[in-house]
Amino acid sequence: MPTIEKDFRRSVVYQIYVKSFCDSNGDGLGDLPGITSKLDYLAHLGVDYLWLTPFYPSPQKDNGYDVSDYCAVDPRYGTMDDFDELVAAARERGIGIMLDMVLCHTSTEHEWFRRACSGEKRYQAYYILRDGRGSAGPGDPGEPPTNWECAFGGSAWEWEPRLGKWYLHMHDASQPDLDWTNPEVREACADVVRFWRERGVTGFRFDVINLISKPEVIEDVPGPGAACRSLVADGPHVHEYLRELVERSGIDGMITVGEMASTDLANCIRYTRPDDHELSMSFSFHHLKVDYAGGDKWALAEPDIPALREVLREWQEGMQAGGGWNALFWDNHDQPRAVTRFGGREGVGERGGSWDLVGKMLSTMSFLMKGTPYVFEGDELGMTNAGYDSIEKYDDVESKNAYSMLLGRGATQDEALRVVGERSRDNGRTPMQWTAGPGAGFTTGKPWLGVPANHEQVNAEAEVGVEGSMFEWYRSLIALRHTSDVVALGDVRFLDAGPAAPRVIAFERTLGEKRLVVACSFDDEPCELADLGADGMTVLLSNYDDDPIAGVLRPYEAVAWSR
Ligand code: NOJ
């Protein structure tokens, strides 16, 4: 099967949250034929690859990241024929398909877990099972084996009476972790990747892949409890397992990206250095924690822009020095929308309003830094947070758990709702805003998750082909990524924007004689800019309609100068 061969450094990936992209049959859920029907839109936008979030059979406890069959299509999203048609129709347009591989855990409904529960020792060895602490003997659970906490709140262990054991789940209790020390598990995972590669898939995104290698000894950590992600991240055999997976499944050289939870720079260099034959690039998340008060996702703080600058500098310059490669992004299905998060709540739908400026400023940064940019569906329209007014409107397991946890900590319902409103993953999962009409043109039925009210102004119909729109801005950034060597390949170095510009992030890209200087303001006030050495250079991009003012950046202004 011919594959799509592109240089990932010159490519742009578009993430599709399948459930929310386009519903072809009016059941309120997005589906594969819906994606096929929008390929012309995506080709017009100019993206190179589509990363599809999981559409495999699943009880949907974690919206498909709880997979019960890795090698099939959930009927709610279509059929295998629909999938083949999508791959072929995308290929005709020069677009590759990247699939989401959720190989750190299965669903409790997966055949492997069910067979483990019905007593098959072979499948019991696929999972991480332990006796309870203080158990009086068989049948007595005792207490969870360690004080580890899962990512969605509560213990990372669940008692399973049919096994007479506790199993480890780093996410929801319906997502038991696989035991990658078992060679049969590793081979079975490679089989899954091979299966999809042979069906014409051109790349892969690996879900929480740096959590597959657990510590040699699983034991309590000091304190009342600890988030197990940080204990498990980048474990002892993770690089070896990844290399083996890539080799066995025959995907070396394809575009691949690993989602790396609680990771560090040194490991991400190793994950992505070409000579190590692991992955093309990695997602890290430190830059999206700069508004967590005290590191707590559920405690609100204003984004700390100097901290953001420092994280980005460290990862941009550090990955470059180590020969690694970053995936560049602000949004995905686990994050609130960046245009809301970094400002721009005012003037939604208004050309030149702060929403519009912020969306263009953020995308300028992600497209002009070094790495491969990812567009999350709706970014190119400037979609914002959901703005739901009651907890009943949320769907996400993590958001609901967080709401209860906040009430338990003494927050009022209004306070808890406000925090969830800012932080919920559902902010990124609302239906794609195609039109101003009912259901935002996403569905003719009842959308599975509520459509934000601003779809009347912020939608594809209102933006495609309209000069100055967010969509057209993204289209030109994507084109620039394809045509400019300095953007795709140039070196990166962060610049000092000076003491009067604490909320400005500036950097340069250089390649031979070519130089780009980029300055982006996160400030809602004008600020004075230090000399960035851009005098005499040409303005390549600016998110304001009129010319930049020398030595000043206006609110949320982004300017790129080139030579
Ligand atoms: C990361 C995925 O992006 C997220 O949506 C999911 O809940 C966890 N991994 C667990 O699979």
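The values are calculated or read from the model by the stated rules, or taken from the named source; none is laboratory data. Just so it is clear, the structure is predicted and the values come from calculations on it, not from any experiment. As a convention, Cβ positions derive from the backbone with ideal geometry for all residues, glycine included, and neighbour counts pool all protein chains shown. Remember, those area values only see protein heavy atoms, side chains included, never the ligands or the DNA or RNA. Shrake-Rupley method; radii C 1.70, N 1.55, O 1.52, S 1.80 Å.
Observations on the structure shown:
- Over the stretch 111-168, the hull volume per residue, using the convex hull of the C-alpha atoms, is 78 Å³.
- Per-residue 3J(HN,Hα) values for the stretch 220-231, derived from phi via the Karplus relation 6.51 cos²θ - 1.76 cosθ + 1.60 with θ = phi - 60°, read 4, 10, x, x, x, x, 9, 4, 6, 4, 6, 6 Hz in sequence order (x marks Gly and Pro).
- Amide H to amide H distances under 5 Å link THR106 with LEU178, where only residues 5 or more positions off or on other chains count and H is placed in the peptide plane.
- Extending 7 Å from Cα along the Cβ direction at ALA436 and again at HIS482 yields two label points whose distance is 3.1 nm.
- FRET E, pair ASP547, VAL217, Förster distance 45 Å, beta-carbon r, rounded to 0.05: 0.10
- Along the stretch 164-171 the Karplus relation, 6.51 cos²θ - 1.76 cosθ + 1.60 evaluated at θ = phi - 60°, assigns HN-Hα couplings of x, 9, 8, 10, 7, 9, 7, 10 Hz to successive residues, with x for each Gly and Pro.
- In Hz, Karplus ³J(HN,Hα) per residue of the stretch 417-423 (6.51, -1.76, 1.60; θ = phi - 60°; x = Gly, Pro): 5, 5, 5, 4, x, 7, 10
- For the stretch 469-513, the calculated P(r), taken from all Cα-Cα distances in 5 Å bins from zero up to the bin holding the longest distance, is 5, 19, 16, 16, 21, 16, 7, 0 percent.
- Annotation: amide H of MET170 within the under-5 Å range of ASP177, sequence separation 5 or more or interchain, hydrogens built in the peptide plane.
- Dividing the helix sum by the residues of the chain, where each DSSP H run of 4 or more adds -39500 (n - 2.57), gives a mean residue ellipticity at 222 nm of -8000 deg cm²/dmol.
- Longest site-free stretch - the chain; sites: GluC sites (Glu not before Pro), DSSP loop, at most 15 other Cβ within 10 Å: 220-345
- Cα Rg over Rh - the stretch 189-303, Kirkwood: 1.04
- Radius, Kirkwood style, for the chain when every pair of distinct Cα atoms is counted (Å): 24.4
- Only alpha carbons enter this Debye calculation for the stretch 156-243, each as an equal point scatterer, and the log10 of I(q)/I(0) it gives at q = 0.15, 0.23 Å⁻¹ is -0.69, -1.30.
- Once you reduce the stretch 302-332 and the stretch 34-63 to the center of their Cα atoms, the two points are 26 Å from each other.
- One Cα centroid belongs to the stretch 128-185, the other to the stretch 82-116; the line between them spans 27 Å.
- Close amide H pairs (under 5 Å, H built 1.01 Å from N) link LYS165 with GLU160, residues at least 5 positions away or on another chain.
- Take the Kirkwood radius over Cα pairs of the stretch 491-562, plug it into Stokes-Einstein at 20 °C and 1.002 mPa s, and you get 177 µm²/s for translational diffusion.
- For q = 0.16, 0.19, 0.20, 0.22 Å⁻¹, Debye-computed log10 I/I(0) when each Cα of the stretch 1-49 counts as one equal scatterer: -0.54, -0.70, -0.75, -0.84
- Pair THR510, ASN182: separation of 7 Å Cα→Cβ label points (nm): 5.4
- Label point distance in nm, THR79-ARG563, each placed 7 Å from Cα along Cα→Cβ: 6.1
- With Cα atoms, 0 to 90° folded angle of helix 238-249 axis to the chain main axis: 90
- Exposure of VAL458 as accessible area (Å², to 10), given a probe of 1.4 Å and all protein chains: 0
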